[in-house]
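The values are calculated or read from the model by the stated rules, or taken from the named source; none is laboratory data. Since the model is a prediction, treat every value here as computed from it, not as a measurement. Heads up, the Cβs are rebuilt from the backbone with ideal geometry, glycines too, and the neighbour counts pull from every protein chain shown. Areas reflect the complete protein model, heavy atoms only, side chains present, ligands, DNA and RNA absent. Shrake-Rupley method; radii C 1.70, N 1.55, O 1.52, S 1.80 Å.
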Amino acid sequence: MIQAFLAAKHLDPALLKKSVNHLSIIAKRYGKHLSITRVNEFDLALVSDDPEPNCDLTSDGQLEFFLGKLHNNSEKWDRFLRARVSRSGIEFENDYAGSIPVFFSTRNGFIASNIEPCTFLASGSSLDDLSPENIYGFMRYSHFIWNETAWKHIFQLLPDSRYKFSTGGELTSTENLESIRTSSVRASHSDKMVANELFELNRHLVTRSLAHATQIVLPLSSGYDSRMIFAVLASDKALASKTRCFTYGSAGSIEVESAKRLAKQGNIEWRHIDLPCKFLTKNYLKDICDIFGSSVHMHGMYQVEFVHEIQKKFGIAVDSLFTSGFMTGVPAGQHSGLLNIANPDDGLSEAMGRFSQSKFWNRDELKKLPLFGGRDYEDEAENKFRLAFERMPGDIHHKAIIFDVWTRQRNFISYYPRTIEWFYPVASPHLCSEYANFFLSLNEKHLRDRRAVELMFKQHYPGFGSIASNSKGISSIGSPVESFMLLSARILNRLGMGCILPKQYQLAPFEFNLRAVSNCGTDSFYPMWNNNESVREFLDLFGGTDFLRDLYERTTGGSLPAYAKTLTVQAISSDIERLRKNPDA
């Protein structure tokens, strides 16, 4: 399996060397192999599990390779990126959600990679290339919006697309593949019909993705997404016998207690992982920085610690397959009620502003930062959101679903499979057009807040559905007794009396970021504390060391919002550090 690539042409040799060296560092860190070749005058570097990466070379000199594609599986079953190098140039094609990014620049030659720092290094980037407009969106919503990055000259492939670059490295065409489409096929279906069809589809998708695995590892939470996979695995003796479930979090939290109950009811092996919460040490942060650079907020490090703890305490076979509910909930309408987009002219930036992660920075705070010079970029953000929204034809409730996938979910959550895949292959059974197209054929009632998913659990998995979930508040699907206990727990917790309840209903807090900051100290803010001239110059755009010291002191004083404010700035700092104006830093 290929985890990373770099493709370049007409680049300054020194810049290309820097970029390839960066790939080499990542490959060595994770025990992967780096292959370097030249095909049709394009320089290629591939990081893979095997000394000879899995590529197809035709008699006419065309080379094709995939990222994300699992052995013996069709690329259409899961997340994928296909690259093809021919005598006419190079082209890329991705899945409907654009879940494997390609960062490219055509300045000073052509460079493309799924590892953002490689493109940053190869394109001769500097502080002058920072885009205040793009960074405003990143800080305002905690994710980039459409095809932009923090840099004026670096862009991302759009989802569900084919991009073609000429032999000279110029972008010649982009094509919307339209692998997902809205329809009214199931608009008049009854609750029972929708539940039955989703049951069959879910069983089919999970089974075809995981049946070939010798051992399946499922990070199990209290939510609907991992539960949809779990329900299929637990209902199939052959799959259940080779499944192991793990859950991180505090004992007594709904995540841990509900996962424990699910596993017991399904008779599947389950273990609780109590994270040491040292995932903000410099080594962990460098792991994330070197893969994601400034493209994703700094919030994926706990996934790496989670895998390390499983390996250390319980062991995982080298041929294990991790599976996840990545892109399971959003296509099913997870955020439809929160977004509440009802009319064509509803404000999209306002809708996206309803997410908790969009409340870390408000408009007034951002305007006061030196980088933005008293200006907000709300209109520019609205225009980018509008491009995503209007790309999908159809009814408003369908457009809103894919709008959510293409903007927030694609850019905010993608760190999940992209961190774990460096240790083990990852299957996301629901990340396929078949799954998305099912929900794009439902009426608004069945899409609202995953109504179809709840109907499936009520009808086909009532026992699993009744166990408490945090997917829609803290609630139960179809169990009045469970719902009453959860309501009682919330009331008693407010009165400080939650301890009198059985442990499974105590609803202990589920928060580990502040604990990690406490354990890791100033390392938590790496590389912002570094004695690096470029980083210091960058931080001056936000108020300098006083800005950083204030956030750090408030964070160590117990302010989670203060810590959250640093995540996007920290991510961009990781790229800035690579400029190395002070080589002794």
field: In segment 271-291, the residues that are in a loop (DSSP other than H, G, I, E, B), farther than 24 Å from residue 538 by Cβ and of a type outside the set (A, V, I, L, M, F, W, C)
entry: 274, 276, 278
- line: Scanning segment 119-145 residue by residue, those in a loop (DSSP other than H, G, I, E, B) and farther than 18 Å from residue 106 by Cβ turn out to be 142, 143, 144, 145
query: When both residues are 6+ apart or on different chains and their Cβ atoms are under 6 Å apart, which pairs have a first residue that lies in segment 249-270 and is assigned to a loop (DSSP other than H, G, I, E, B), and a second that is of a type outside the set (Phe, Trp, Tyr) and open to solvent by 10 Å² or more (accessible area, probe 1.4 Å)?
result: 249/255; 250/508; 252/503; 252/506; 252/508; 253/508; 268/234; 268/240
query: Which numbered condition trips up residue 399, out of (1) surrounded by fewer than 20 Cβ atoms within 10 Å (Cβ to Cβ); (2) modelled with pLDDT of 95 or more; (3) of a type in the set (D, E, K, R)?
result: (1)
field: Positions within segment 122-132 being touching an Asp or Glu at 6+ places or on another chain (Cβ under 9 Å) and either closer than 30 Å to residue 89 by Cβ or hydroxyl-bearing (Ser, Thr, Tyr) (or both), in sequence order
entry: 122, 123, 124, 125, 131
- request: Scan 154, 135 and give me the residue that is in contact (Cβ under 8 Å) with a residue 60 or more places away in the chain, open to solvent by less than 10 Å² (accessible area, probe 1.4 Å) and of a type outside the set (Ser, Thr, Tyr).
  value: 135
Candidate set from segment 404-437 (those that are of a type in the set (A, V, I, L, M, F, W, C), open to solvent by 10 Å² or more (accessible area, probe 1.4 Å) and out of contact with any strand residue (DSSP E or B) (no Cβ under 9 Å at 6 or more places or on another chain)); member that is farthest from residue 308 (Cα to Cα): 412
Segment 549-561, subset among the hydroxyl-bearing types (Ser, Thr, Tyr) and either free of Cβ contacts under 8 Å to residues at least 40 places away in the same chain or closer than 24 Å to residue 126 by Cα (or both), residue surrounded by the most Cβ atoms within 10 Å (Cβ to Cβ): 552
message: Out of the helices (runs of 4 or more DSSP H) lying entirely within segment 439-487, which hold 3 or more residues that are aliphatic (A, V, I, L, M) and more than 12 Å from residue 223 (Cβ to Cβ)?
response: 451-460
message: Let me confirm something: among 32, 69, 76, which residue is touching a Lys or Arg at 6+ places or on another chain (Cβ under 9 Å) and of a type in the set (Lys, Arg)?
response: 69
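Here is a yes/no grid of residues against (1) in a loop (DSSP other than H, G, I, E, B); (2) under 24 Å from residue 444 (Cα atoms); (3) touching a strand residue (DSSP E or B) at 6+ places or on another chain (Cβ under 6 Å); (4) open to solvent by 30 Å² or more (accessible area, probe 1.4 Å):
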position: 147; (1), (2), (3), (4): yes, no, yes, yes
position: 169; (1), (2), (3), (4): yes, no, yes, no
position: 174; (1), (2), (3), (4): no, no, yes, yes
position: 181; (1), (2), (3), (4): yes, yes, no, yes
position: 200; (1), (2), (3), (4): no, yes, no, yes
task: Would you confirm whether any residue within segment 498-514 is closer than 28 Å to residue 368 by Cβ, crowded, with 16+ Cβ neighbours inside 10 Å and touching a residue at least 12 places away in the same chain (Cβ under 8 Å)?
output: yes
- request: Please work out which residue is modelled with the lowest pLDDT, limiting yourself to segment 235-284 and to residues that are crowded, with 16+ Cβ neighbours inside 10 Å, under 29 Å from residue 297 (Cα atoms) and aliphatic (A, V, I, L, M).
  value: 254
- line: Taking segment 292-334 and keeping only residues that are within 30 Å of residue 18 (Cβ to Cβ), in contact with an Asp or Glu (Cβ under 8 Å, 6 or more places away or on another chain) and part of a helix (DSSP H, G or I), one is left with 292, 301, 304
field: Qualifying residues in segment 94-125 (those that are of a type in the set (Gly, Ala, Ser) and in contact with a Leu (Cβ under 7 Å, 6 or more places away or on another chain)) - the one farthest from residue 432 (Cα to Cα)
entry: 124
- prompt: Out of all the residues in segment 14-29, is one or more open to solvent by 70 Å² or more (accessible area, probe 1.4 Å), at pLDDT 95 or above, among the β-branched types (Val, Ile, Thr) and more than 22 Å from residue 290 (Cβ to Cβ)?
  reply: no
- line: Across (1) over 21 Å from residue 275 (Cβ atoms); (2) surrounded by fewer than 21 Cβ atoms within 10 Å (Cβ to Cβ); (3) within 26 Å of the chain's Cα centre (by Cα), residue 546 clears everything bar (3)
- request: Could you run through segment 223-248 and say how many residues are part of a helix (DSSP H, G or I) and not β-branched (Val, Ile, Thr)?
  value: 13
- prompt: Which condition number in (1) over 30 Å from residue 500 (Cβ atoms); (2) hydroxyl-bearing (Ser, Thr, Tyr); (3) touching a helix residue (DSSP H, G or I) at 6+ places or on another chain (Cβ under 8 Å); (4) without any contact (Cβ under 8 Å) to a residue 60 or more places away in the chain is the one that residue 241 fails?
  reply: (3)
